[in-house]
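Below: one structure, written as structure tokens.
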Amino acid sequence: MMGTVPDSAPNPANFSCPAPSAGHEEIQLAHGGGGRLTQQLLERIFGPAFGNPALDARHDGAVLAAPAGARLAFTTDSHVVSPLFFPGGDIGRLAVYGTANDLAMCGARPRWLSAGFILEEGLPVAMLERVVAAMAEAARAAGVEIVTGDTKVVERGKGDGLYVNTAGVGWVEHDRVIAPASVRPGDAVLLSGDIGRHGMAIMAQREGLAFESPIESDCAPLWPAVEALLAAGVEVHCLRDLTRGGLATAVIEIAETARLAVKLDEAAVPVGEPVRGACELLGLDPFYVANEGRFIAFVPAAQADAALAILARTAPGGPPSQIGEVRPTPAGEVTLRSVVGVERILDRLSGEQLPRIC
Ligand code: MG
């Protein structure tokens, strides 16, 4: 027996080139252990998909160069959507666009993302590969690089397949302060496109609802539209993407923070027929349903038409519309004029309307 090599001994040849993945492989606890299987995930899945100089350096963190004097925007978001794949998107795209879009809403050019994966033991490796491929594609579309990451594995039954946390850093390349505090009485409130698709795409899939035209998530990168507004010199006061809580919650949060009133016009808010139908069926209000590729912009009224023309060319899901205006008082109050002309105050939702949609 002396001198023989046991079958289980590591074979250096295994590490020299990425092996093709077998479709039946499952995530094991050891994939999160920091040992050989963790290394294989990096070499076979994450490295080839996300490859960039910072990630390829294989260091404890990414060392990055920002433009001299640039302000940085920094945000993070965890993604627990169920199911992992849905019409128009998947958890991977959501994780990249969600964080990149939050940077864009700060007026920052999205640049770098981290990706932290929490995997459940037994997850098919092929499913992880699909999610990672979607993240790589979304990162290219959003103009970001995934420069650092982490993988942990939890025991079977203690996760839900896969969770992803992304954090992101972007550069602010202008002097504007794009935030609720910059909103002014008289500002126009612009909406980039139709609302309610993402939440209803997930709900339709979960409830097994079939519609003549299936509802697809609107998940999409928003920086190109923001960049175009800024490049054209639009004095953007505030931006907000309409994720959890939808349009109504976003406007309420901004009105409360700015201590100003907002009047919205229901007839000006586009809701597609399939979304409207699904909302009626499930007893949901599209104003509170999540979107992943729509945003509102607060701009001076005099620039509203110019901004709408830019959004029509650059924002996904258009046409855009002016949906309301800012008034000085009552502070924090958002009112909605219905299609029949009745005004009511919009409130935050008291409970969770749609769990696990992002
Ligand atoms: Mg946001």
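The values are calculated or read from the model by the stated rules, or taken from the named source; none is laboratory data. It should be emphasised that the depicted structure is a prediction, and the values quoted were computed from it without experimental measurement. In this analysis, Cβ positions are derived from the backbone assuming ideal geometry, glycine residues included, and neighbour counts consider all displayed protein chains.
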### Task
Evaluate segment 158-165: report whether one residue or more is within 20 Å of the chain's Cα centre (by Cα), at pLDDT 95 or above and more than 27 Å from GLY143 (Cβ to Cβ).
yes
### Residues satisfying the stated conditions in segment 89-106, i.e. farther than 13 Å from THR75 by Cβ and of a type outside the set (D, E, K, R)
GLY89, ILE91, GLY92, LEU94
### Query
Right, VAL154: touching an Asp or Glu at 6+ places or on another chain (Cβ under 7 Å) and surrounded by fewer than 18 Cβ atoms within 10 Å (Cβ to Cβ) or not?
yes
### Scan of segment 229-251 for residues that are in a helix (DSSP H, G or I) and either among the small types (Gly, Ala, Ser) or within 14 Å of the ligand (Cβ to nearest atom) (or both), ordered by number
ALA231, GLY246, LEU247, ALA248, THR249, ALA250, VAL251
## Note on the structure
Scanning segment 199-217 for residues that are assigned to a loop (DSSP other than H, G, I, E, B) and at pLDDT 90 or above, the one nearest to the chain's Cα centre (by Cα) turns out to be SER217
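Rundown of residues vs (1) under 19 Å from the mean Cα position of the chain (by Cα); (2) among the small types (Gly, Ala, Ser); (3) farther than 28 Å from LEU229 by Cβ; (4) buried (at least 21 other Cβ atoms within 10 Å of the Cβ), yes/no style:
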{"position": "VAL96", "(1), (2), (3), (4)": "yes, no, no, yes"}
{"position": "SER114", "(1), (2), (3), (4)": "yes, yes, no, no"}
{"position": "PHE117", "(1), (2), (3), (4)": "yes, no, yes, yes"}
{"position": "LEU128", "(1), (2), (3), (4)": "yes, no, yes, yes"}
{"position": "GLU137", "(1), (2), (3), (4)": "yes, no, no, no"}
{"position": "ARG140", "(1), (2), (3), (4)": "yes, no, no, no"}
{"position": "TRP171", "(1), (2), (3), (4)": "yes, no, no, no"}
{"position": "HIS174", "(1), (2), (3), (4)": "no, no, no, no"}
{"position": "SER182", "(1), (2), (3), (4)": "no, yes, no, no"}
### Message
Among the numbered criteria (1) modelled with pLDDT of 95 or more; (2) in a loop (DSSP other than H, G, I, E, B); (3) within 20 Å of GLY92 (Cβ to Cβ), which one does GLY193 miss?
### Response
(3)
### Task
Tell me, yes or no, whether segment 332-340 has at least one residue that is in a loop (DSSP other than H, G, I, E, B), modelled with pLDDT of 95 or more and either closer than 24 Å to ASP218 by Cα or of a type in the set (Gly, Ala, Ser) (or both).
yes
### Message
Need pairs with beta-carbon distance below 7 Å; first residue assigned by TED's automatic domain parsing to the domain that holds VAL289 and more than 19 Å from ARG197 (Cβ to Cβ) and within segment 222-245, second in a helix (DSSP H, G or I) and within 15 Å of the ligand (Cβ to nearest atom); sequence gap 6+ or separate chains.
### Response
TRP223/ALA100; TRP223/ALA104; TRP223/ALA142; VAL226/ALA104; CYS238/PRO180; CYS238/ILE254; LEU239/MET105; LEU239/VAL226
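Yes/no matrix, rows are residues, columns are (1) under 25 Å from VAL80 (Cα atoms); (2) away from the ligand (no atom under 16 Å from the Cβ):
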{"position": "VAL262", "(1), (2)": "no, yes"}
{"position": "VAL275", "(1), (2)": "yes, yes"}
{"position": "ALA290", "(1), (2)": "yes, no"}
{"position": "LEU311", "(1), (2)": "no, yes"}
### Filtered residues of segment 98-130 (kept if closer than 29 Å to GLY246 by Cα, assigned to a strand (DSSP E or B) and either within 13 Å of the ligand (Cβ to nearest atom) or touching a Lys or Arg at 6+ places or on another chain (Cβ under 9 Å) (or both))
PRO110, GLY116, PHE117, ILE118, LEU119
### Query
Residue check: is VAL226 closer than 23 Å to GLY341 by Cβ, of a type in the set (Val, Ile, Thr), surrounded by 22 or more Cβ atoms within 10 Å (Cβ to Cβ) and within 16 Å of the ligand (Cβ to nearest atom)?
no
